[in-house]
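The values are calculated or read from the model by the stated rules, or taken from the named source; none is laboratory data. Just so it is clear, the structure is predicted and the values come from calculations on it, not from any experiment. Backbone-built Cβ (ideal geometry, glycine too); neighbour counts: all protein chains shown. Heads up: the accessible areas ignore ligands, DNA and RNA and are worked out on the full protein's heavy atoms, side chains in. Shrake-Rupley method; radii C 1.70, N 1.55, O 1.52, S 1.80 Å.
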Protein chains: 2
Amino acid sequence: MALSTQPYKGARDFYPADKRILQYLFDIMIKTVESYGYEAYDAPLLEPIELYTAKTSDEIVNEQTYSFTDHGGRQVVIRPEMTPSVSRMVAAKRQELPYPLRWYSIPNVWRYERPQRGRLREHWQLNVDLFGVEGLEAEHEMISVVDSLLRAYGADRSMYSIRLNSRKLMDLLMHEYFGLDETQSYTIGKLIDRMHKIETAEFIAQADIVFTPQQRDAGQSSKLFELLSLTSLDQLPEQLHTNPVCMNLQKLMAMLEQSGITNVQFDPTIMRGFDYYTDIVFEVIDTNPDNNRSMLGGGRYDSLIGLFGVDPVPTIGFGAGDVTLQNFLVSHDLLPHLSPKTDVYVILVGDVFTSAQPIIKHFRDEGVNVAVDSTGRKAEKQIRTADKAGIPAVIFIGDTEIVSQQLTLKHLASGDEQTHSIDRLISIIKDSRHP
Amino acid sequence: MALSTQPYKGARDFYPADKRILQYLFDIMIKTVESYGYEAYDAPLLEPIELYTAKTSDEIVNEQTYSFTDHGGRQVVIRPEMTPSVSRMVAAKRQELPYPLRWYSIPNVWRYERPQRGRLREHWQLNVDLFGVEGLEAEHEMISVVDSLLRAYGADRSMYSIRLNSRKLMDLLMHEYFGLDETQSYTIGKLIDRMHKIETAEFIAQADIVFTPQQRDAGQSSKLFELLSLTSLDQLPEQLHTNPVCMNLQKLMAMLEQSGITNVQFDPTIMRGFDYYTDIVFEVIDTNPDNNRSMLGGGRYDSLIGLFGVDPVPTIGFGAGDVTLQNFLVSHDLLPHLSPKTDVYVILVGDVFTSAQPIIKHFRDEGVNVAVDSTGRKAEKQIRTADKAGIPAVIFIGDTEIVSQQLTLKHLASGDEQTHSIDRLISIIKDSRHP
């Protein structure tokens with residue numbers, strides 16, 4: 001029986017045209033974060049399961065990730081995210097590393113779930129982390145990086161909304177305003193995290209289960225729902241306005257505004273799934289009604305590194321996946337046309353494979369990317385292959401060209417031909433490249 | 001109990017200095033293969049197990065790879081190599097793709113084995129494949145790419161030896177010269193593949209087990225061993241000299257020599273582990289006696305794509321792993337010093353975080369990579385951080401600088417300072433970068 005040509009469910013094959021898009025996403029990520037002084041790192045794809053069970057239950061890890069037992073009886077996980085790995089690495093060299101430490105990576109990560117729009121089993125995720133800055137300068141920088149990144153793709157600020165919240169503020173609301181204990185707060189937090197996926201009535205019904213009968217009778221669920229629809233810090237109960245947690249958020253918004261980042265909004269529904277966040281969290285939402293979803297997010301997690309038995313390090317970071325980012329760019333028509341990297345297709349005329357090599361080598365040595373057909377088929381068929389591959393031009397090399405050292409370059413889109421010396425053609429080809 | 005900071009056994013953490021080396025290896029790979037017209041592709045990390053069991057036993061796949069059952073009961077494998085994946089992708093679009101097709105990828109691959117020098121459980125592997133060329137032009141190109149790659153790292157041809165063999169020639173020798181049947185040939189092939197890891201006596205003893213008593217009595221094992229020590233096609237039994245298989249190898253060596261690739265040698269011990277090779281195979285050996293090992297290899301595999309129920313495509317490819325490549329570069333002192341990508345570290349003097357932003361933004365917009373300390377510590381401490389991080393220079397920004405728009409750049413290695421306008425400094429910084 002013939003083997004299947006299908007990729008594994010929820011994962012993608014990247015043919016050259018797909019890979020060019022992925023590489024374009026990566027190139028802009030790299031350029032942007034490096035302009036802020038971030039340095040690339042990487043970590044293994046497999047990690048011991050303890051790295052993930054430390055902050056959540058074994059059950060959740062086993063259900064939602066690709067975990068298995070290796071031949072040595074060790075339970076391992078294909079990383080579902082990069083934060084535990086980078087924390088482990090920083091903790092391992094806690095004393096030697098220079099702080100503030102700016103690190104980024106673009107790993108592939110895997111999660112076990114039913115594939116759906118914007119969520120696949122394998123995706124690539126830019127991870128940007130700043131270690132060692134306690135003050136709001138860190139939050140300001142992290143959100144500036146996000147803003148610079150989206151603008152580098154050609155987006156303007158009307159296309160995305162930056163939503164801010166604070167875990168500390170939410171704790172305050174839960175404990176002091178609603179009088180919930182820690183377990184109740186945790187469960188309500190998880191409920192808020194998925195509130196955009198469920199109906200209002202269901203949200204209230206589920207919140208009611210968490211509240212005590214007294215709280216329920218006092219209509220706390222509806223009050224919670226109202227509070228979650230606030231869009232400005234000013235709308236919060238007045239006793240909170242002078243609370244340092246609120247003032248901190250307010251100050252950050254002012255700092256961002258001064259830097260021209262005006263599309264920032266308080267959003268108490270932003271919880272972020274992971275338990276490790278300790279204070280300010282943020283997400284970026286596509287404003288296009290057809291793709292009105294969160295496309296990236298992050299926050300401060302000051303205590304994760306302490307789990308490795310070393311002194312904690314104040315840390316803030318964000319992650320941006322390739323799938324949601326690409327959906328955003330497509331939804332705003334921002335994805336450019338990307339050509340193959342090959343500049344020229346060489347068509348050999350006659351038995352010149354060996355004698356043409358010095359010319360071909362000359363092109364390559366000068367930085368021109370040259371594919372040689374090498375099949376000996378008719379010239380027409382060779383031209384058709386170049387065209388199908390998206391290569392913009394062909395060059396013919398036969399005995400005449402080898403003697404004269406004058407070559408003809410044919411642009412496939414226009415059909416125009418020009419005959420020049422090799423060095424002249426090299427300049428022409430380099431000048432005609434997309435920027 | 002504190003979590004361990006150790007990475008998974010046989011896998012590596014890449015701190016920025018390590019990642020820079022990896023990225024340097026990748027950059028030269030990409031530049032070289034793209035100069036030959038190869039286009040990047042990618043495939044999922046997980047593949048169905050059938051993709052690997054088709055050409056070998058379930059047992060071997062289970063023993064030597066990371067295979068497991070997913071929650072849906074499907075047996076999957078973390079790819080141990082890329083060739084089955086790329087064959088699957090080409091087969092899936094067999095009719096639509098333009099041939100010759102030139103593809104490359106640099107995936108991470110995993111194999112389950114005891115980690116040792118040059119062999120880790122996770123490594124990165126450049127994969128280069130040319131689909132659709134039947135003639136020796138394909139072999140010539142593939143070996144030229146390998147040669148260009150190593151030379152692009154600064155190697156000269158005395159540092160490596162390119163070893164050629166042919167599976168067809170070996171079959172011929174086994175069947176016609178030694179009179180072995182197919183099963184015997186296969187077993188002897190596997191034995192040759194690991195002959196460099198065992199003693200001569202053990203090789204002969206193991207070969208004796210495969211031979212019949214008559215063959216054994218005729219001293220075939222010793223004859224085989226002698227034959228395997230040949231270093232030139234001329235030394236082969238004379239009846240083979242005019243055989244097309246031999247003449248083909250001879251012709252390829254002449255073509256390579258005409259292109260200046262003179263460090264090529266016939267080596268009948270080159271078998272390559274994988275069963276899918278059909279004809280010419282090759283490996284590149286480090287000539288440094290301290291690291292005298294194979295560092296990359298490949299060959300022709302014309303029938304793999306046919307396993308997917310489509311017409312076969314003549315194919316040739318090679319793989320080059322980062323670990324063996326790095327060992328080669330280190331063994332010849334070819335690894336350059338690599339600096340961080342960050343050009344400048346900004347030290348803020350006084351309460352100027354917000355007012356300094358436009359200047360910092362200007363540097364970034366002009367392509368200068370700028371990290372800002374943002375901790376408010378003493379300037380000395382900030383300078384020490386920059387130095388520790390390997391960032392070559394610092395810039396001080398305080399109220400005076402913001403008013404005058406004249407900044408002082410301090411080079412940390414020399415201690416030299418220069419004060420200029422922002423645009424002048426941008427030029428100076430860009431000019432001082434390593435090429």
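Assume the label is 7 Å from Cα along Cα to beta carbon: what separations in nm does A:Lys251 have to the matching positions in the other copies?
7.8
Could you order the peptides A:300-306, B:81-87, A:63-69 from most to least packed, using the average number of other C-beta atoms within 10 Å per residue?
B:81-87, A:300-306, A:63-69
Report, as an integer, the average count of C-beta atoms from other chains found within 10 Å of each Cβ along A:26-39.
Per residue, the number of nearby Cβ atoms from other chains is 5 on average.
In sequence order, what are the phi-derived ³J(HN,Hα) couplings for the range B:164-174 according to the Karplus relation 6.51 cos²θ - 1.76 cosθ + 1.60 with θ = phi - 60°, rounded to whole Hz, with x for glycine and proline?
Using θ = phi - 60°, the values come out as 10, 8, 9, 4, 5, 5, 5, 4, 4, 4, 4 Hz.
Residues of A:368-378, mean number of Cβ from any other protein chain within 10 Å of their own Cβ, rounded to a whole number?
Across the residues of A:368-378, the mean count of other-chain Cβ atoms within 10 Å is 6.
Over 24 Å between C-alpha atoms is what I'm after, so list which of B:Lys361/B:Lys430; A:Lys361/B:Lys251; B:Lys168/B:Lys190; A:Lys197/A:Lys251; A:Lys19/A:Lys361 land there.
Pairs exceeding the cut-off: A:Lys197/A:Lys251; A:Lys19/A:Lys361.
If you take the accessible area of B alone plus A alone and subtract the pair, what total do you get in square angstrom, rounded to 100, with a 1.4 Å probe?
7500
Report, in debye and to the nearest 20, how large the dipole of the protein assembly as shown comes out about its Cα centre when Lys and Arg carry +1 and Asp and Glu carry -1 on their Cβ.
40
As a test question: what accessible area, to the nearest 10 Å², does A:Lys410 have when a 1.4 Å probe is rolled over all protein chains in place?
So the heavy atoms of A:Lys410 present about 50 Å² to solvent.
Using θ = phi - 60° and the Karplus curve 6.51 cos²θ - 1.76 cosθ + 1.60, what whole-Hz ³J(HN,Hα) does each residue of the range A:73-84 get, with Gly and Pro shown as x?
Along the range A:73-84, the couplings run x, 9, 7, 10, 10, 6, 3, x, 7, 9, 4, x Hz.
Loop-only check: which trypsin sites (Lys or Arg not before Pro) in the range B:115-162 are DSSP coil with at most 13 other Cβ within 10 angstrom?
When the trypsin sites (Lys or Arg not before Pro) of the range B:115-162 are filtered for loop state and at most 13 Cβ neighbours within 10 Å, B:Arg117 remain.
GluC sites (Glu not before Pro), restricted to the range A:169-235: which are DSSP loop and have at most 16 other Cβ atoms within 10 Å?
Counting only loop positions with at most 16 other Cβ atoms within 10 Å, the GluC sites (Glu not before Pro) in the range A:169-235 are A:Glu199.
Would you kindly derive the ³J(HN,Hα) couplings of the range B:297-313 from the backbone phi angles with the Karplus curve 6.51 cos²θ - 1.76 cosθ + 1.60 (θ = phi - 60°), listing them in order in whole Hz, with x for Gly and Pro?
x, x, x, 8, 9, 7, 10, 5, 5, x, 5, 8, x, 10, 4, x, 10
Where does chain A land at 222 nm, in deg cm²/dmol rounded to the nearest 500, when only DSSP H runs of n ≥ 4 count, each adding -39500 (n - 2.57), divided by all residues?
It comes out at -11000 deg cm²/dmol, rounded to the nearest 500.
For A:Ser166, what residues show an amide H to amide H distance below 5 Å, using hydrogens built from the backbone and excluding near sequence neighbours?
A:Val281
Just B:Tyr15, B:Tyr276, B:Tyr38 to compare: in a GNM of chain B, with alpha carbon springs under 10 Å, which one fluctuates most?
Looking only at B:Tyr15, B:Tyr276, B:Tyr38, the biggest GNM fluctuation is shown by B:Tyr15.
Taking all protein chains as present, what is the carbon and sulfur share of the accessible area of the range A:205-295, in % to the nearest whole number, probe 1.4 Å?
After summing per-atom areas, the C and S share lands at 50 percent.
For B:His337, go 7 angstrom from Cα along the Cα-to-Cβ vector, then report the distances to that same point in the other copies in nm, smallest first.
Inter-copy label distances (nm, one decimal, shortest first): 4.7.
Assume the label is 7 Å from Cα along Cα to beta carbon: what separations in nm does A:Glu238 have to the matching positions in the other copies?
11.3
Among bridges DSSP assigns within the range A:329-435, what percent are antiparallel (round to 5)?
For the range A:329-435, the DSSP antiparallel bridge percentage is about 55.
Which cross-chain or sequence-distant (5 or more) residues have an amide H under 5 Å from the amide H of B:Tyr36, H modelled 1.01 Å from N in plane?
Amide H neighbours of B:Tyr36: A:Val370.
Where in the range B:190-243 are there trypsin sites (Lys or Arg not before Pro) that are in a DSSP coil and have at most 15 other Cβ atoms within 10 angstrom of their Cβ?
The qualifying sites are B:Arg194.
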